[in-house]
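Undergrad: I have a structure I would like to understand better, so I am pasting it below and will then ask my questions one at a time.
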Amino acid sequence: MLEPVYEQLPSGSASLQGRRNDPFASVRFGRFEVLPGARTLLFLGSPVEIGGRAFDLLLTLLSAAGQIVPKEHIISKVWPTTTVDESNLRFQMTCLRRILGDESRRIKTIPGRGYIFIEDERACPEAAPPMPWRTSERTPVVIIDSDPQSREHLSRILASAGARVESFATVMAFLTGSETVQGSQRSKSGAALAA
């Protein structure tokens, strides 16, 4: 079976990068620490009650921190021998977010795509720091997707990381330069639409 291709965000901390290769290394984020070998989640050093599926979900997201993880991949990791639908994933995600409390803001839903764990709070869209390389001359990230919600969410995440984003509903729209989103949505005539 082929491993999924994750989409890397342009900015983010490398705090988990070296730990992805060691399945037993502890991982810290905020006030939490995950001990994968002991299947334990600690909050300020004290064990937190967490279900097995929610723990597997957290491990799956942490192992790909900073990358969009497709829903299908998460389901295959959390329920390897069971056929389930997305409602099971949504339920476990709700449980995990409740357990994480304020730190749940690190888990972002990418509609129609999957989920992403933001390893560095500064990379979170709500608290994106100014990037020194933000200029109008930079090469844009182009998004082509027929789903307007997916385009909007991806555009916001990428823009929060300082990327210049152009978004199109179709390849033809990209080739003709119509329906572009560059901070605000544009019509075929180029006039800015209300956001």
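Undergrad: Between E103 and L175, what length in nm is gained on full extension when 0.36 nm per residue of separation is reduced by their alpha carbon distance?
TA: 21.8 nm
Undergrad: Please say if the range 42-113 is rounded, prolate or oblate, where rounded means a/c under 1.5 for a ≥ b ≥ c the square roots of the C-alpha gyration tensor eigenvalues, and otherwise the choice is prolate for a/b larger than b/c and oblate otherwise?
TA: prolate
Undergrad: Going highest first, how would you order 85-91, 163-169, 97-103 by mean Cβ packing within 10 Å?
TA: Final packing ranking: 163-169, 97-103, 85-91.
Here, each number is a calculation from the coordinates, and none is a lab measurement. If you're wondering where the values come from, they're calculated on a predicted model, not measured in any experiment. Here Cβ is always computed from backbone atoms with ideal geometry, including for glycine, and neighbour counts include all displayed protein chains.
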